[in-house]
Amino acid sequence: MSTEKSSNRPKKVTTQTVVEMKEQGEKISMLTAYDFTMARIIDQAGIEVILVGDSASNVMAGHETTVPMTMEQMIYHTSCVVRGADKALVIADLPFMSYQVTANEALTNAGRMMKEAGAHGVKLEGGEVVADTVEKIVNAGIPVMGHLGLTPQSIYKFGTYKVRATENAEADQLMEDAKRLEEAGCFSLVLEKIPATLAAKVTEAISIPTIGIGAGDQCDGQVLVTHDMLGLNKEFNPSFLRRYADMHSSMTDAVQQYITDIKSGDFPNDNEQYD
């Protein structure tokens, strides 16, 4: 991110900011956070969008899928993140079955995420099937980020985490879904685990920003799960993941040294206790 572009940006990133970034050809950076401390760190580092993902189900609660997350849990995590973020745009996932039943229920839950948690917008999965719901939420003044491609809340329907939209029919449907979500009022769109060529075509075809995860370099921005990017997780190794640190090893070494110092009597030393 260039100094010149940053100097003209308002202190607080908004939905309008990210739309303008696409128009100006500036890439958008997004990471996940689920607590105050992590949000504070990545916000102060300059991240533009923080996603309070229902991936908290995996990395915070240890579940196999995102399905178990509840509204109450997402509101809690989002409220923690909002308190840690001074500049970033904070978007919260609406969890499984909080928006799929009726548009009215979806609007109520989106409103809760804004009022009770302080989110700046919500994200939900799906295309044409949720378009009317998106319109209802947007018409109430709540920004919505869409999500197409691999949609983790539908994992039991798909039965696999493989790349989506590799066949023409699904690719054509994804393109139509992207256009419909833009028409419904989404301010941006996550594209997860789809062919890079398709992601590039979608990015070109719509005016709202695309945020890719495993969707190639032509998206308007990129998102990763922070715990994966920092190397806190050792088990998750998709091809799209670049680890920028090995925090698992660093933390393991630190804990083992702490244990050693206690056992040897080195901790606490004279300077670490009171007279």
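The values are calculated or read from the model by the stated rules, or taken from the named source; none is laboratory data. If you're wondering where the values come from, they're calculated on a predicted model, not measured in any experiment. Please note: Cβ atoms are built from the backbone with ideal geometry, for glycine as well, and neighbour counts cover all protein chains shown. Side chains are part of the model used for accessible areas, which takes the heavy atoms of the whole protein and leaves out ligands, DNA and RNA. Shrake-Rupley method; radii C 1.70, N 1.55, O 1.52, S 1.80 Å.
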Inset, instruction - Sorted from largest down, give the three principal axis spans of the alpha carbons of region 153-275, whole angstrom values. - result: 71, 30, 24
Inset, instruction - Report the normalised scattering of region 1-150 as log10 I(q)/I(0) at q = 0.14 Å⁻¹, calculated by the Debye formula with identical scatterers on the alpha carbons. - result: -0.67
Legend entry - GNM result for the chain, Cα springs below 10 Å: residue of 148, 232, 31 fluctuating most strongly: 232
Inset, instruction - Quick one: which residues, 5 or more positions from residue 146 or on another chain, have an amide H under 5 Å from its amide H? H modelled 1.01 Å from N in the peptide plane, none for Pro or chain starts. - result: 187, 188, 189, 190
Inset, instruction - Can you tell me how much longer the chain between residue 253 and residue 27 gets when fully stretched, taken as 0.36 nm per residue apart minus their C-alpha distance, in nm with one decimal? - result: 77.8 nm
Legend entry - In region 1-105, the GluC sites (Glu not before Pro) that fall in loop regions by DSSP, at most 13 other Cβ within 10 Å: 64
Legend entry - Between 0 and 90°, nearest 10: helix 71-84 axis offset from the chain longest Cα axis: 70 degrees
Inset, instruction - Mind checking the full-extension length gain between residue 173 and residue 12? Use 0.36 nm per residue of separation minus the Cα-Cα distance, one decimal, nm. - result: 54.4 nm
Inset, instruction - Tell me, rounded to the nearest percent, the portion of alpha carbon pairs in region 39-114 spaced more than 21 Å apart. - result: 30 percent
Legend entry - Gain in span if fully extended, residue 161 to residue 218, counting 0.36 nm per residue against the direct Cα distance: 18.3 nm
Legend entry - lysines with Cα under 28 Å of residue 22, excluding same-chain neighbours fewer than 8 positions away: 5, 11, 12, 87, 123, 136, 179, 193, 201
Legend entry - Cβ-Cβ FRET estimate between residue 275 and residue 243, R0 fixed at 35 Å, reported to 0.05: 0.20
Inset, instruction - With the full set of protein chains in place, find how many percent of the accessible area of the chain is carbon and sulfur; take the probe as 1.4 Å. - result: 51 percent
